[in-house]
Structure formats: C-alpha cells, structure tokens
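**Q** Dropping the structure in here first, questions after.
Just so you know, all these numbers are worked out from the coordinates, no wet-lab data involved. Just so we're clear, the structure is a prediction, and the values are computed from it rather than from any experiment. A quick note on method: Cβ atoms are made from the backbone with ideal geometry, for glycine too, and the neighbour counts reach across all protein chains shown.
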Amino acid sequence: MWYQRTVQILYGHQAIDSPLGPIVMTIGTYDGLHLGHQAIVERIVDRARKTGSRSLVYSFFPPPWRVLGRGQNPYLILTLQDKIDLMHDMGVDYLLTEEFTPELQSISHHDFTRDVLQGRLDPREIHVGYDFHFGRDRGGDWQFLREYFHETETQIRPHGAVRVDDSIVGCTLIRQHICNGDLDSAAQLLGRYHFVRGAVVRGRGRGRTIGFPTANIDPKTELIPPAGVYAVCLQVGNSQDLLPGVANLGFRPTFAEKKFAIEVHLFDWSGDLYGERVRVHFVGRVRDEMRFDGPEELVQQIHRDIAQVRSSLPFPPPPQSRVTWDPKPDKVAGQS
C-alpha cells in the first residue's frame with residue numbers, strides 16, 4: 001500500500017535554509033521512474049515511515065547528460081510535472097529538483113558532499129543505485145559516500161541493478177524501445193504504459209468531416225513514439241478515468257501535411273476537450289503510417305483499425321514483468 005502524502009517541491013538545494021528534520025533520501029536523475037527507480041523510491045518511503053523520518057528525492061532537471069551533450073537518444077521520458085505527479089503517487093515527502101548548471105558541474109564530489117548533502121540535508125540514510133556517480137568528472141560514488149560518512153550517523157545504502165528477463169532496467173534501453181515503437185517492451189521496464197502529456201488544441205477538423213472526430217494534442221513530452229497508429233487511453237486533467245481510443249501519429253501523408261501531429265479518436269465519447277490537459281497512454285502499436293489514394297480508402301482503413309483495437313477491449317493492464325534483483329554492490333565487494 002502506498003504511503004500517501006502531498007509531495008513538497010524544493011527548487012535547488014539553496015532553497016533549504018532551515019533543517020527539514022530527519023530524512024531518508026536518494027539522489028539521481030530519475031527520468032522515467034522505471035522499475036529500478038521505483039525500487040529505490042519505495043525503499044526510502046518505507047524506511048522513512050519506519051524511522052519517523054521524511055523521504056526526499058534529490059533529482060536533476062534537466063539531467064546532467066542533457067547539459068553535457070551525452071546520450072544516443074537525448075529525449076526525456078518524463079516532463080517535470082509528470083515526475084512530480086508520480087512522486088506524489090508514491091508517497092514521497094520532498095522532491096528537491098536541482099538545475100544542472102556549469103557552476104554545479106564544477107563542484108567536486110567532496111565539496112558537494114560536505115556543503116550540500118551534509119551541510120544542507122544531513123540525512124539519516126542515503127540510498128543510491130549501483131552505478132551512481134556525482135561531482136566534477138563523476139568523481140564520487142557510493143563507496144566515497146560510505147567512507148566520508150563512516151564516523152557519522154548517516155548510513156549509505158547502495159542498491160543492486162533491477163533486471164527484467166536478464167536485461168538491466170535503464171532509461172537508455174527504454175528510450176530505444178519507445179523510439180522503435182516497441183511499446184510493450186518499454187512498458188515491461190517502466191511498470192506502466194508510456195504516456196505523452198499535452199494540451200488539446202484545434203486542428204483542421206478533417207477527422208470530423210470523414211466521420212472520425214479527433215482530439216489534437218500539442219505534446220509537452222519529448223519522447224514520442226514513431227509515426228503510426230496506436231491503441232491508446234486518454235486521461236483528462238486530474239481524472240483517474242482512462243478513455244479508450246485509437247491514435248494516429250504522423251504527417252497525414254494522404255493530405256500532404258508537413259507538420260507532425262498526434263490525433264486521438266475516442267470510442268463512444270462526445271464532448272469538448274479543447275484546452276484540456278491530457279495524457280495519452282500508449283497501450284500498443286497497430287500499424288505503420290500509410291499513404292492512401294484518397295479519403296475513401298483512408299476511411300476504410302480507419303474502420304479496420306478501430307475494429308482491431310475494439311476487439312482488445314477492455315485494455316489489459318501493463319505487462320507484469322519477471323523482475324530480479326542483483327546483489328547489493330557492497331555484498332558483491334565483500335564490504336560490511
């Protein structure tokens with residue numbers, strides 16, 4: 001059961017000008033909040049509850065790799081608001097979101113630990129992943145933290161990798177799956193369907209003229225699946241209801257459009273969604289984008305797409321992954 005509280009947002013470590021009280025924390029980019037991230041966040045929330053502390057996630061937005069120009073698919077999986085919402089759902093007390101600036105990049109791992117982790121936060125426990133590095137030139141890791149804090153009451157808790165079907169769960173692999181249109185594999189690593197956040201805007205109204213009105217989405221999420229037709233659920237505002245439908249992503253080649261568009265046709269629904277904030281959850285890929293000789297041929301294919309997607313209703317929950325955990329790094333290294 002989730003430990004529900006409203007997450008409090010702290011913008012930068014300098015926003016902390018008075019003690020937060022005893023905290024159990026983790027630090028990392030946490031883009032995606034995939035199954036590996038969830039394992040650590042759930043752990044700090046549980047430990048905070050058991051020790052009478054507050055849980056804190058120290059994260060970076062934008063992430064260091066974005067600023068440093070690293071990564072093959074340099075797209076964020078989540079918007080900042082998505083990260084805040086998911087942290088709230090997981091029961092996190094504080095989300096400390098830090099802008100990764102050249103000034104922050106220049107701080108050594110020793111100075112960052114002394115001035116920020118110890119000086120501003122002074123946590124009871126710090127939980128990090130097996131591959132965590134920080135500070136100038138990535139000079140610090142969990143072993144450095146353990147050595148630094150060994151004469152204090154702060155405990156360092158490294159966590160091993162999380163695997164799904166022998167693959168280490170990580171954002172790089174998730175981005176590859178989404179960019180390839182493999183939404184099922186991405187969902188297995190995320191523990192949820194990938195979604196795109198955006199607002200409903202007015203389009204050209206072509207869908208309505210051919211009998212299939214659509215909600216046109218102006219996306220805020222960076223990581224968007226490739227052009228094609230998808231089975232989706234639409235979540236409107238803060239509602240927990242998921243409205244099933246079919247989405248077309250692409251350039252609408254039948255009409256010689258040049259601007260990429262996300263259009264969602266909802267089943268058995270009518271109303272005005274203009275201006276609404278929505279999430280489009282991608283349940284599965286139906287087919288590639290196609291060019292048709294005219295609207296009549298397009299309408300016939302849309303009927304087939306809708307029939308195919310309707311046949312799978314109600315949509316199944318995200319796939320249940322066979323999750324395994326590697327031993328903690330300190331156990332592998334033989335350290336106490």
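**Q** Can you tell me what the convex hull of the Cα atoms of the range 9-170 projects to on average, as an area in nm²? Intermediate results must be reported in sequence, preceding the final value.
**A** Working: hull surface 37.7 nm².
Convex hull of Cα atoms, orientation-averaged projection: 9.4 nm².
**Q** Taking a 23 Å limit on the Cα-Cα distance, which of the listed pairs LYS220/LYS259; LYS50/LYS328; LYS83/LYS331 fall beyond it? Working shown, then result.
**A** Values: LYS220/LYS259 16 Å; LYS50/LYS328 21 Å; LYS83/LYS331 31 Å.
With Cα atoms farther than 23 Å apart: LYS83/LYS331.
**Q** Using Cβ counts within 10 Å as a stand-in for footprinting exposure, how do LYS328, LYS50 rank, fewest first? Present the calculation step by step, with values, prior to reporting the outcome.
**A** Details: LYS328 15, LYS50 9.
Starting with the residue having the fewest Cβ neighbours, the order is LYS50, LYS328.
**Q** Here's something else I'd like to know. Counting DSSP beta bridges with both partners in the chain, what percentage is antiparallel, nearest 5?
**A** Looking only at bridges with both residues in the chain, the antiparallel portion is about 65 percent.
**Q** Would you report the distance distribution of C-alpha pairs in the chain as whole percents per 10 angstrom bin, up to the bin with the largest distance?
**A** Spelled out bin by bin, the chain gives 5, 23, 30, 21, 13, 6, 1, 0 percent.
**Q** Here is a further query. Once both labels are modelled 7 Å past Cα along the beta-carbon direction, what's the ARG138-GLN240 spacing in nm?
**A** The two pseudo-label positions are separated by 4.0 nm.
**Q** Of ASP165, ASP131, ASP272, which is the most mobile in a GNM of the chain whose springs link Cα atoms less than 10 angstrom apart?
**A** ASP272
**Q** Highest GNM mean-square fluctuation, the chain, Cα pairs closer than 10 Å: which of ASN180, ASN238, ASN248?
**A** Per the Cα network of the chain with a 10 Å cutoff, ASN238 tops the list.
**Q** Using the crude model of +1 on Lys and Arg Cβ and -1 on Asp and Glu Cβ, and no other charge, please compute the dipole size for the range 9-170 relative to its Cα centre, in debye to 20. Don't skip to the answer; put the middle values down first.
**A** On the way: 16 positive and 23 negative charges, 36 e Å.
With Lys and Arg at +1 and Asp and Glu at -1, about 180 debye.
**Q** Where is the GNM fluctuation largest for the chain (alpha-carbon springs, 10 angstrom cutoff): GLU125, GLU42, GLU151?
**A** In the Gaussian network model the winner is GLU151.
**Q** Once Lys and Arg get +1 and Asp and Glu get -1 on their Cβ, which of ILE107, THR29, PRO158 lies farthest toward the positive end of the dipole of the range 9-170?
**A** PRO158
**Q** Also, quick follow-up: Just report the Cα centroid separation between the range 287-336 and the range 73-122, whole Å.
**A** Answer, in whole Å: 30.
**Q** Normalising by the residue count of the chain, find the relative contact order in percent from Cα pairs under 8 Å and 6+ residues apart. Can you show the working numbers first?
**A** Details: 641 pairs, mean separation 57.5, N = 336.
Dividing the mean separation by the residue count of the chain yields 17 percent.
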